[in-house]
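Report on one structure; see the data block that follows.
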Amino acid sequence: MSKYSINQFIQQTVQDKAGQDFFQLETPRILEVNLRDKVWAKMGSMISYNGKIKFERERVLEHGVGRMFKKAFTGEGSSLMKAQGNGQLFLADAGKRITLLELDNDEITVNGNDLLAFEPGIEWDIKLMKKIAGVMSGGLFNVTLKGRGMVAITSHFEPLTLLVRPGIPVMTDPQATVAWSGHLKPEIRTDISFRTFIGRASGESFQMEFSGEGFVIVQSVEETISDRNSSS
């Protein structure tokens, strides 16, 4: 149905006030944060809020000198903002689908551009895949998160989870790779020749190879450099 009266439209799209979880999905592409203290979120992802909430851009030394130098080296544009206070905060990222993951002493690594928000108690660190960072402008910048709490990640359309089993590695396109279980250590495979390189930004000339046991999350759209810059 695409035609509504005003009252029908309001009833169909009104905010759901029943839930009080810290993270909850209002729609598949809008995240509600029931803020009682603070949350870390992707810079520029706020679309609405109510209550008394203060927004601060991630300061240069907010997370220590080591991470500052990693961010400077990678040239990563996906800066974080801190939202602090009490109220309801609504986040979104370029219409991408949002998936909520609850970590219970787990570890997951997320593409830096696909990390929307996470609870402040979660430990995190920046990882850089050096073998490909010099070839792909913007690098392959990933964030490893571990501990207990909620993490919100994004993907173009519905994500697909691929299981990695011993002896059966999984290869993915770096620009279509969203996240993977934290103990997996992907390697970069290269297949550069004149035929494979022409007409491709990074593409199938470079693959991420996951070996061991775990999972990899991929999306159906390859994120280009312009996608990363426009959503940061």
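The values are calculated or read from the model by the stated rules, or taken from the named source; none is laboratory data. All values reported here derive from a predicted model rather than from experimental measurement. Every residue, glycine among them, receives a Cβ derived from its backbone with ideal geometry; neighbour counts consider all protein chains shown. Areas reflect the complete protein model, heavy atoms only, side chains present, ligands, DNA and RNA absent. Shrake-Rupley method; radii C 1.70, N 1.55, O 1.52, S 1.80 Å.
Observations, loosely collected:
- Matching residues in the range 95-115 - criterion: being within 12 Å of the chain's Cα centre (by Cα) and open to solvent by 20 Å² or more (accessible area, probe 1.4 Å): 97, 99, 100, 101
- Number of the exception - residue 135 against (1) part of a loop (DSSP other than H, G, I, E, B); (2) at pLDDT 95 or above: (2)
- Scope the range 159-174; condition within 19 Å of residue 113 (Cβ to Cβ) and either open to solvent by 90 Å² or more (accessible area, probe 1.4 Å) or touching a helix residue (DSSP H, G or I) at 6+ places or on another chain (Cβ under 8 Å) (or both); matching residues: 160, 173, 174
- Of the criteria (1) surrounded by 15 or more Cβ atoms within 10 Å (Cβ to Cβ); (2) among the hydrophobic types (A, V, I, L, M, F, W, C); (3) at pLDDT 80 or above, which one residue 68 fails: (3)
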